[in-house]
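The values are calculated or read from the model by the stated rules, or taken from the named source; none is laboratory data. Just so it is clear, the structure is predicted and the values come from calculations on it, not from any experiment. Quick reminder, even Gly has a Cβ in these numbers, built from the backbone with ideal geometry, and neighbours come from all protein chains shown.
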Amino acid sequence: MGKLTSFFKSNIRQYGMVIALLFIMLFFQVITGGILFKPMNVTNLVLQNSYVLILGVGMLLCIVTGNVDLSVGSVVAFVGAVSAVLMIDLKIPVVAGVFLTLLIGLMVGSFHGFFIAFLRIPPFIVTLAGMLIFRGLTMVILKGQTKAPFDKSIQNIAAGFIPGDWHIGGLNGIAIVIGIVMSILFVVSQLNSRAKKKKYDFEVLPIGLEIAKITLIVVAINLLTFNLAAYNGIPIVLILLGVLIFIYTFITQRTIAGRHIYALGGNEKAARLSGVKTQKVMFWVYANMGFLAAIAGLVVAGRLNAATPKAGTNFELDAIAACYIGGASASGGVGTVVGTIVGGLVMGVLNNGMSILGVSVDWQQTIKGLVLLGAVCFDVYTKSRNTSR
Amino acid sequence: MAEIILEMKEITKNFTGVRALDRVSLTVFDDEIHALVGENGAGKSTLMKVLSGVYPHGSYEGTIYFKGKECQFRDIRDSEHMGIVIIHQELALIPYLSIAENIFLGNEQAKNGVINWDETVAKAKQILKKVGLDENPNTLIADIGVGKQQLVEIAKALSKNVQLLILDEPTAALNDEESNKLLDLLVELKGHGITSILISHKLNEITKVADSVTVIRDGRVIETLQNDKRSLDEDRIIKSMVGREIVDRFPKRSVEIGEEVFRVEGLTVHDPNNEDRQVIKNVSFNVRKGEVVGFAGLMGAGRTEIAMSIFGKSYGIHHRGKIIKNGRELRINTVPEAIEHGIAYVTEDRKNYGLVLIDDIRTNVSLASLKSVSTFTVIDENRETQIANEYRDKLKIKCASLSQKVENLSGGNQQKVVLGKWIMANPDILILDEPTRGIDVGAKYEIYTIINKLAAEGKAILMISSEMPELLGMCDRIYVITEGQIVGELSRHEASQEAIMKKIIEHQKLSRQRISA
């Protein structure tokens with residue numbers, strides 16, 4: 001038992017926010033009289049928050065280097081406007097249009113990255129300028145007006161579901177199957193890595209905890225897919241999000257590039273003297289942010305089924321908040337993709353739950369601000385306790 | 001006989017595991033210039049930090065009497081209040097404030113919180129006259145040279161009604177003309193009743209202006225020499241500074257030294273902040289297989305700059321010269337290229353340049369050689385952990401687990417993590433910059449043992465150290481470096497502390513003559 005408490009103590013930062021998220025969900029589930037977890041609302045939660053989560057993934061990398069990107073909201077709008085011009089005005093085929101749009105996002109990110117990495121202009125300033133530049137260009141391109149409608153397939157990215165009319169007892173069969181397949185893959189991969197660690201004779205979680213953890217996640221996966229199945233099935237954007245989370249978790253946790261980003265954020269000078277190409281890393285972090293902003297831009301455009309000059313306003317702040325709530329450190333070097341997703345969900349559930357309750361937008365802002373502050377205080381507190389021990 | 005202004009009695013100061021000062025007593029008389037000499041790390045700066053309240057009362061043992069009264073300073077403000085002002089080696093001036101603003105920083109000429117600028121400037125002018133600095137008080141600090149900045153520091157001290165002025169290496173960054181001016185000023189201030197304690201490595205300056213000289217070695221006072229008749233000579237001081245038997249503090253090494261593996265020819269590098277200044281001037285040296293070669297010299301001699309220039313041009317601009325390994329000239333422009341060619345550099349400043357403090361031991365150890373534990377850039381964490389574990393055992397890193405953050409390790413263990421990182425990179429040439437700085441005696445011995453093992457494995461080792469006994473105990477050959485040049489090469493049996501010091505001082509004399517000629 002002592003082992004267990006000490007385990008939780010040393011991992012409280014990691015799991016604290018997950019537990020907080022569970023509590024927030026439970027709270028709203030009860031207080032909204034069960035509306036929060038109604039199949040339609042769960043689907044809505046996914047659709048509403050997808051773009052902030054996509055932005056959060058890219059933002060996390062910027063924050064791990066010890067900086068932020070303020071331009072993403074404007075880039076989202078800009079990319080939406082460009083894609084509208086390409087696909088609505090110029091009638092370029094959808095595939096080519098999407099490809100060009102993503103390329104433009106990458107170029108916008110590279111533009112920031114160039115000034116940040118090679119001219120050594122502080123990222124705050126570069127992306128603040130980018131925020132103004134691309135918001136301005138959006139208005140120039142759209143001449144202050146809204147462009148619509150997009151092709152059906154673009155709409156589907158944001159609002160569509162995996163097609164298929166196969167039902168199991170009134171539930172969408174594909175969603176159920178995906179849930180089960182994902183669960184099996186997850187269990188197998190966890191057991192596999194545990195076995196490998198044992199082979200090397202490394203420390204592993206106590207078996208009871210391991211089982212509890214796996215069970216909890218399997219239940220969560222299946223609850224989600226079950227709920228989605230009871231409505232329209234799996235949203236396409238959820239697949240997109242899942243793939244991005246998987247890829248970026250892999251990059252940050254398992255590859256040399258990821259390790260270099262964390263080292264750079266932890267101590268740039270030491271990283272450079274250890275052979276990390278710090279300028280290159282900085283450049284690609286910001287280029288990547290532009291790329292992910294372009295994906296988010298397409299999702300937003302598809303969701304609104306229009307490109308509007310005001311799209312993406314304040315998205316950068318939501319993305320940054322998601323990272324910090326998810327345990328990233330403002331001074332760099334610390335933070336995980338999964339944490340950011342949890343942080344983003346905390347915000348998303350708060351938004352959604354308060355909306356159901358009819359809390360006015362002004363109060364929603366205030367409460368979100370307080371949650372951000374509280375989360376970071378909690379983080380700082382546990383950190384100082386950990387080091388003083 | 002003049003009166004005693006300061007008496008420090010039986011001062012003992014411990015850092016975790018290290019005794020920095022051991023029952024040190026120091027007596028300074030009124031109206032004298034009292035010099036404090038000793039090698040780097042002997043305890044001079046620590047003693048002065050105790051005196052000025054940087055280390056507050058209670059963090060050391062012993063008593064301090066200033067003007068006959070016992071003092072228990074809690075911080076610098078306390079000591080300044082009594083008229084004790086310390087001027088550190090790194091100047092504490094704000095570059096983008098004016099001279100006048102800097103002089104009265106923290107001591108603003110204000111009424112109810114509103115600064116009276118006329119009075120500030122007028123008073124600043126008076127004080128500047130006293131120190132002989134002919135500058136407009138509104139000039140920014142950034143726009144005047146280091147020599148003048150030093151005078152502003154003294155002016156700042158005078159504005160606080162200083163009675164005892166402590167100067168830590170005030171002339172280290174100055175040229176001879178500026179140094180002379182500064183020393184003349186100290187003599188003049190003495191005439192106005194201001195006592196000074198002068199810490200310096202430049203013995204010629206000390207014999208010129210100091211009235212008495214206290215020698216500190218290994219945290220103990222060796223002796224206090226009188227120089228009121230200016231009859232003290234430098235050799236006498238050197239003897240006292242270094243005169244010690246070297247006991248068996250260094251593990252033995254019996255390694256067959258092989259052929260030359262590494263050679264640097266005519267390396268010249270310019271200051272990145274001042275293009276015209278050559279920091280490294282035409283430096284050539286070589287290292288052989290299994291050999292430990294030392295770089296001796298005082299702080300600021302340019303040893304670190306040489307090492308970092310070789311290591312992927314990490315320092316300086318306009319590099320010239322050749323780097324040759326195994327007879328082939330290397331083109332190295334970046335750190336990754338240097339690592340690729342088997343060169344590793346263990347920094348002197350492990351916290352700022354060596355470690356990612358917030359990361360754990362495993363990721364720090366593997367940082368420079370991630371390629372070797374990954375396939376297609378995907379890291380095999382299990383193999384990484386296994387290798388990190390090996391280094392932990394080999395280097396005897398004391399830690400709770402590999403996932404312990406390095407910021408929570410002791411200095412010696414942190415140093416071992418840095419060493420582990422570079423040993424894992426498997427270099428042929430290992431440059432160690434102050435490998436034992438700030439770590440305790442036991443850890444030092446372990447690090448020496450590691451160095452010997454590496455030499456026995458056939459690595460060529462270049463060791464920079466300010467602790468001469470360490471160089472003498474560990475190196476097969478020693479290059480003496482001063483002012484960015486190699487001024488001597490000593491084999492193991494030629495090398496002694498006196499010989500090294502002499503080379504440095506000879507060079508200083510020579511360059512002085514050249515300037516005056």
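Please work out which residue is nearest to the other protein chains (Cβ to nearest Cβ), limiting yourself to segment B:263-303 and to residues that are of a type in the set (D, E, K, R) and under 25 Å from B:Thr171 (Cβ atoms). Lay out the reasoning, then the answer.
As a first pass, look at segment B:263-303 and keep what is of a type in the set (D, E, K, R): B:263, B:265, B:271, B:275-277, B:281, B:288-289, B:291, B:303.
Of the ones still in play, those that are also under 25 Å from B:Thr171 (Cβ atoms) are B:271, B:275-277, B:281, B:303.
Details: B:Asp271: 19, B:Glu275: 18, B:Asp276: 23, B:Arg277: 23, B:Lys281: 24, B:Arg303: 16 Å.
Top of the filtered list is B:Arg303.
Residue by residue through segment B:487-501, note down the ones that are closer than 30 Å to B:Arg277 by Cα and out of contact with any Lys or Arg (no Cβ under 9 Å at 6 or more places or on another chain).
Hits for segment B:487-501 are B:Ala499, B:Ile500, B:Met501.
From the list B:Ile257, B:Ile343, which residue is crowded, with 23+ Cβ neighbours inside 10 Å and either within 14 Å of chain A (Cβ to nearest Cβ) or touching a residue at least 60 places away in the same chain (Cβ under 8 Å) (or both)?
None of the other options fit; the residue is B:Ile343.
Looking only at residues in segment B:203-232 that are touching a Leu at 6+ places or on another chain (Cβ under 9 Å) and charged (D, E, K, R), which one is farthest from B:Ile154 (Cα to Cα)?
Here is the first cut: in segment B:203-232, the residues touching a Leu at 6+ places or on another chain (Cβ under 9 Å) are B:205-210, B:212-216, B:219-221, B:224-226, B:232.
Subsequent filtering for residues that are charged (D, E, K, R) retains B:205, B:208, B:220.
Details: B:Glu205: 18, B:Lys208: 20, B:Arg220: 29 Å.
Looking at residues that are touching a Leu at 6+ places or on another chain (Cβ under 9 Å) and charged (D, E, K, R), I get B:Arg220.
Tally the residues that are touching a residue at least 40 places away in the same chain (Cβ under 8 Å) and either outside any helix (DSSP H, G or I) or surrounded by 22 or more Cβ atoms within 10 Å (Cβ to Cβ) (or both), restricting the search to segment A:264-280.
Number satisfying all stated conditions: 4.
Any chance segment B:304-316 includes a residue that's at the interface with chain A (Cβ under 8 Å from one of its Cβ atoms), among the small types (Gly, Ala, Ser), under 30 Å from A:Gly335 (Cα atoms) and not in a loop (DSSP other than H, G, I, E, B)?
no
Among the residues of segment A:205-229, write down those that are over 25 Å from the mean Cα position of the chain (by Cα) and surrounded by 14 or more Cβ atoms within 10 Å (Cβ to Cβ).
Answer for segment A:205-229, where residues must be over 25 Å from the mean Cα position of the chain (by Cα) and surrounded by 14 or more Cβ atoms within 10 Å (Cβ to Cβ): A:Leu205, A:Leu209, A:Glu210.
When you check B:Glu434 against the structure, is it acidic (Asp, Glu) and either within 11 Å of chain A (Cβ to nearest Cβ) or more than 30 Å from B:Thr482 (Cβ to Cβ) (or both), yes or no?
no
Working carefully through the options A:Ala96, A:Ala77, A:Ala84, find the one that is out of contact with any helix residue (DSSP H, G or I) (no Cβ under 6 Å at 6 or more places or on another chain) and buried (at least 24 other Cβ atoms within 10 Å of the Cβ).
A:Ala84 is the lone residue from the list that is out of contact with any helix residue (DSSP H, G or I) (no Cβ under 6 Å at 6 or more places or on another chain) and buried (at least 24 other Cβ atoms within 10 Å of the Cβ).
Rundown of residues vs (1) in contact with a Lys or Arg (Cβ under 8 Å, 6 or more places away or on another chain); (2) buried (at least 23 other Cβ atoms within 10 Å of the Cβ); (3) not assigned by TED's automatic domain parsing to the domain that holds B:Ile504; (4) not in a loop (DSSP other than H, G, I, E, B), yes/no style:
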residue: B:His270; (1), (2), (3), (4): yes, no, no, yes
residue: B:Val279; (1), (2), (3), (4): no, no, no, yes
residue: B:Phe295; (1), (2), (3), (4): yes, yes, no, yes
residue: B:Met299; (1), (2), (3), (4): no, no, no, no
residue: B:His319; (1), (2), (3), (4): yes, no, no, yes
residue: B:Glu337; (1), (2), (3), (4): yes, no, no, yes
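Restricting attention to segment A:182-202, which residues are surrounded by 12 or more Cβ atoms within 10 Å (Cβ to Cβ) and either of a type in the set (Val, Ile, Thr) or free of Cβ contacts under 8 Å to residues at least 24 places away in the same chain (or both)?
A:Val187, A:Leu191, A:Ser193, A:Arg194, A:Lys196, A:Lys197, A:Tyr200, A:Phe202
Name the pairs: first residue in segment A:329-356 and within 14 Å of chain B (Cβ to nearest Cβ) and buried (at least 22 other Cβ atoms within 10 Å of the Cβ), second residue of a type in the set (Gly, Ala, Ser) and outside any loop (DSSP other than H, G, I, E, B), Cβ to Cβ under 6 Å, at least 6 apart or on different chains?
Pairs found: A:Gly333/A:Gly265; A:Gly333/A:Gly266.
Hey, among the residues in segment B:151-191 that are over 21 Å from the mean Cα position of the chain (by Cα) and of a type in the set (D, E, K, R), which one's surrounded by the fewest Cβ atoms within 10 Å (Cβ to Cβ)?
B:Glu177
Quick one: how many residues across segment B:265-291 are over 22 Å from the mean Cα position of the chain (by Cα) and touching a residue at least 60 places away in the same chain (Cβ under 8 Å)?
8
Only one of (1) within 9 Å of chain A (Cβ to nearest Cβ); (2) more than 24 Å from A:Thr255 (Cβ to Cβ); (3) among the polar types (S, T, N, Q); (4) over 22 Å from the mean Cα position of the chain (by Cα) fails for B:Asn352. Which number is that?
(4)
One line per residue, one yes/no per condition, for (1) in a helix (DSSP H, G or I); (2) within 12 Å of another protein chain (Cβ to nearest Cβ); (3) aromatic (Phe, Trp, Tyr):
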{"site": "A:Leu209", "(1), (2), (3)": "yes, no, no"}
{"site": "A:Ala212", "(1), (2), (3)": "yes, no, no"}
{"site": "A:Leu238", "(1), (2), (3)": "yes, no, no"}
{"site": "A:Phe246", "(1), (2), (3)": "yes, no, yes"}
{"site": "A:Phe250", "(1), (2), (3)": "yes, yes, yes"}
{"site": "A:Phe291", "(1), (2), (3)": "yes, no, yes"}
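Just to be sure I understand the filter: pairs with C-beta atoms under 7 Å, separated by 6 or more residues or on different chains, first member in segment A:64-90 and under 28 Å from A:Gly266 (Cα atoms), second member at pLDDT below 95 and among the polar types (S, T, N, Q). Which pairs pass?
Sorted first by the residue in segment A:64-90, then by its partner, the pairs are A:Gly66/A:Ser331; A:Gly73/A:Thr313; A:Gly73/A:Asn314.
Determine if segment A:320-327 includes at least one residue that is surrounded by 23 or more Cβ atoms within 10 Å (Cβ to Cβ), away from chain B (no Cβ under 14 Å), of a type outside the set (S, T, N, Q) and over 18 Å from A:Val18 (Cβ atoms).
Looking for residues that are surrounded by 23 or more Cβ atoms within 10 Å (Cβ to Cβ), away from chain B (no Cβ under 14 Å), of a type outside the set (S, T, N, Q) and over 18 Å from A:Val18 (Cβ atoms), one finds at least one in segment A:320-327, hence yes.
If I ask for residues that are buried (at least 22 other Cβ atoms within 10 Å of the Cβ), more than 7 Å from chain A (Cβ to nearest Cβ) and not small (Gly, Ala, Ser), which ones from segment B:364-379 would you list?
Correct list: B:Asn364, B:Val365.
Residues B:Glu80, B:Glu39, B:Glu70: which one is assigned to a helix (DSSP H, G or I), among the acidic types (Asp, Glu) and either at pLDDT below 90 or assigned by TED's automatic domain parsing to the domain that holds B:Asp233 (or both)?
Answer to the check: B:Glu80.
Given the conditions (1) at pLDDT 90 or above; (2) in a helix (DSSP H, G or I); (3) in contact with a helix residue (DSSP H, G or I) (Cβ under 8 Å, 6 or more places away or on another chain); (4) not β-branched (Val, Ile, Thr), and given that A:Leu370 satisfies all but one, which numbered condition is not satisfied?
For A:Leu370, the exception is condition (3).
When the residues of segment A:155-176 are filtered to those that are farther than 30 Å from A:Gly97 by Cα and buried (at least 16 other Cβ atoms within 10 Å of the Cβ), which remaining residue is nearest to the chain's Cα centre (by Cα)?
Out of the qualifying residues, it is A:Ile176.
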